[in-house]
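The values are calculated or read from the model by the stated rules, or taken from the named source; none is laboratory data. Model, not experiment: these values are computed from the prediction. So basically every Cβ, Gly included, is an ideal-geometry build from the backbone, and we count neighbours across all protein chains shown. Protein only, heavy atoms only, side chains kept; ligands, DNA and RNA dropped before computing areas. Shrake-Rupley method; radii C 1.70, N 1.55, O 1.52, S 1.80 Å.
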Amino acid sequence: VEWDPNPLTAAAVAEHADPTSLVHSRLAFGTAGLRGPMGPGTNAMNDLMIIQTTQGLARYLLGHFGESPAGSAAVGEKRALDQENKWQVVIGWDHRANKQWNLSSEKFARLTAAVLAHAGIEPLLLDGLVPTPLVAFGTRTLSRAIAGVMITASHNPAADNGYKVYWDQGVQFTPPHDSGIAATILDHLKPWTTEYKPDEQPVATDLTTKLTQQYYSAMVKQLARGIKSGSSGPKVLYTAMHGVGLPWVKQSFNMFNLPPFDVEPSQADPDPTFSTVGFPNPEEKGALDRAMATALTLKADLVIANDPDADRLAVAEVAPGDGGWRVLNGNEIGALLAHWMLEPIQSEHRSKVAMLASTVSSKMVRAIAEKENCKFEETLTGFKWLGRRADELRAEGWNVVFAFEEAIGFMCGNVVSDKDGVSAAAVFTEMATHYYNQGRTVSQQLDQLSDQYGQFVSNNSYFFCHNPELAKSIVASWRLGDNQYISEAGGYKIIAVRDLGIGAYDSTTPDLKPTLPTSTSSPMVTFSFENGTVATFRTSGTEPKFKYYIEMAGKPGVPREQVQAELDEMVPKLLEALIQPSKNGLTGPN
């Protein structure tokens, strides 16, 4: 209580009938940084939590990179060119706020800056509300930047906030840095001073302008194809989902010379209450309803949506004739963008082109890459793995043109090594313009790709699971002993198993060991079936969910309806055999 500079949250702990209930556990710092509800106590996002986390982060950064750029041999060529005497950390924030406790993203960002300055690191506090990709871009671009911090909870509910950390190349950090930072935080829980002055931290206005210009210049240089929008081009409606994206996507459209879009007015401005949606995630059922209704009124063809921090992209297209909508899932958007990014590269140069996807994403991009003589790799879920692997491949001479995860995260080109909804919105709309100019819709283009590379039909969802031990016991029931697993499920024969959890097993490798990293705390098991279906089950690291990703690959020429019908019959049988949701008291989304 005495350490908390916020009198409201400090008093809430002191006056609580059972104060220990507010401090019995601590919000865990992991590879996603911090994320949780804003409020009092050690298991919530508040001023003291930000101070403690930043103190630990600062000490870890200085221990890893050295006290200053001068003479630091371990930090690579990027740093050797600049002999200024302080490292830098790029800081951005979104619009989230909790008036009850006087907490906000801006306040958290300014506190972060104050702590870093006290530690001898120069904070670069970006000016105004920025999208997450700009922090990733700045961290990667600036010669003395060794980290980036974005204060956002992305598409979480309004009550939440988060503290997202980027490593020096603009990629979210991976183990062992998470445990290293977490341990250092615990060594620096007591505030170093009572004189942190967040309101006095200077804002890097000129730098923000310069970074923004560089960001858009890189975007246009790498990604714009100069497609002219004629009278047949699509009419677009955009929704920011109450987030920060609107001015940034407007500018990306302007830089690509795309026509201006219409806007869903009820979701256009940053709103920390997210008043029209329970979950401001454009993937959630019903999240796009308002935008689609407005789009119909305005006779728009496409709805383009970002999540609140503008690093994800969702798309819906009006269905011809009936006035309904086809909401494209992340796998479908990924296949369209992958083909679009590959298309202008001449065939003789494709042997050094690489594309990436998370292991739970559709295998359609793999099929495209294999048929077009490109390299394809899978990574663990999370863009930290995709971004890191992309950078490794580029260092080896590969041209990584695209990476994606099915949770509507897309990296087009080499602008950032993270998902970017601002650039993806412009790239997708330019692509759609090209197809509309040729007389076909985006959905018709997707059908053409399916005819060419095969039908890939998926069923991805989740069960709420508030007991992590239950999820682990379900996964354990699939193991029959060392390197022994069930051989069928729901009457369908299993031909391959990969266990990235405790089992650390892959039946397809010579030594039966997975090539992807394993985790004893986050079970993930993939079953490949004789009929071409791949099913992956995993627990979520940030939500109380047991997720599943089931995809059936149909051969080219097989009608989509036939593949869909087979998958629809298979999925409930698999879920009952493997998870037994009724017996285990698990429920899915509404």
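In the stretch 215-233, of all residues being of a type in the set (Ser, Thr, Tyr) and open to solvent by less than 40 Å² (accessible area, probe 1.4 Å), the one that is nearest to His434 (Cα to Cα) corresponds to Tyr216. In the condition set (1) free of Cβ contacts under 8 Å to residues at least 60 places away in the same chain; (2) part of a helix (DSSP H, G or I), Gly321 is compliant with all but (2).
Between Pro280, Pro265, Pro272, the distinction of being buried (at least 23 other Cβ atoms within 10 Å of the Cβ) and either of a type in the set (Asp, Glu) or over 21 Å from Tyr436 (Cβ atoms) (or both) belongs to Pro280 only. Going by the structure shown, is Lys513 charged (D, E, K, R), assigned to a loop (DSSP other than H, G, I, E, B), open to solvent by 10 Å² or more (accessible area, probe 1.4 Å) and touching a strand residue (DSSP E or B) at 6+ places or on another chain (Cβ under 7 Å)? So Lys513 fits the description; yes.
When we screen Thr515, Thr509, Thr526 for residues that are of a type in the set (S, T, N, Q) and in contact (Cβ under 8 Å) with a residue 40 or more places away in the chain, the only hit is Thr526. Criterion applied to Ser522, Ser507, Ser528 was being farther than 19 Å from Tyr549 by Cα, polar (S, T, N, Q) and either surrounded by 14 or more Cβ atoms within 10 Å (Cβ to Cβ) or in contact with a Leu (Cβ under 9 Å, 6 or more places away or on another chain) (or both), and the one residue passing it is Ser507. Out of Glu195, Glu283, report the one residue that is at pLDDT below 95, in a loop (DSSP other than H, G, I, E, B), more than 30 Å from Asn6 (Cα to Cα) and out of contact with any helix residue (DSSP H, G or I) (no Cβ under 6 Å at 6 or more places or on another chain). Of the residues listed, the single one that is at pLDDT below 95, in a loop (DSSP other than H, G, I, E, B), more than 30 Å from Asn6 (Cα to Cα) and out of contact with any helix residue (DSSP H, G or I) (no Cβ under 6 Å at 6 or more places or on another chain) is Glu283. Residues considered: Ser461, Ser450. Of these, the only one that is open to solvent by 10 Å² or more (accessible area, probe 1.4 Å) and either in a helix (DSSP H, G or I) or among the polar types (S, T, N, Q) (or both) is Ser461. For the stretch 120-142, the candidate set comprises residues that are open to solvent by 20 Å² or more (accessible area, probe 1.4 Å) and hydrophobic (A, V, I, L, M, F, W, C); within that set, the residue that is nearest to Asp418 (Cα to Cα) is Leu142.
Candidates are the residues of the stretch 553-585 that are at pLDDT below 95 and of a type in the set (A, V, I, L, M, F, W, C); the one that is farthest from the chain's Cα centre (by Cα) is Val558.
Scanning the stretch 468-497 for residues that are in contact with a Ser or Thr (Cβ under 9 Å, 6 or more places away or on another chain) and polar (S, T, N, Q) returns a single hit, Asn483. Looking only at residues of the stretch 308-324 that are over 22 Å from Val220 (Cα atoms) and at pLDDT 95 or above, we find that the one that is surrounded by the most Cβ atoms within 10 Å (Cβ to Cβ) is Pro308. Against the conditions (1) in contact with a strand residue (DSSP E or B) (Cβ under 9 Å, 6 or more places away or on another chain); (2) touching a residue at least 60 places away in the same chain (Cβ under 8 Å); (3) farther than 20 Å from Asp418 by Cβ, Trp87 satisfies every one except (2). Contact map, the stretch 387-401: first residue among the polar types (S, T, N, Q), second residue crowded, with 17+ Cβ neighbours inside 10 Å, Cβ cut-off under 7 Å, separation 6 or more or different chains; pairs are Asn399/Val353; Asn399/Ala354.
Report yes if some residue within the stretch 484-494 is over 29 Å from the mean Cα position of the chain (by Cα), of a type in the set (S, T, N, Q) and more than 28 Å from Asp447 (Cα to Cα); otherwise report no. The answer is yes, given that some residue of the stretch 484-494 is over 29 Å from the mean Cα position of the chain (by Cα), of a type in the set (S, T, N, Q) and more than 28 Å from Asp447 (Cα to Cα).
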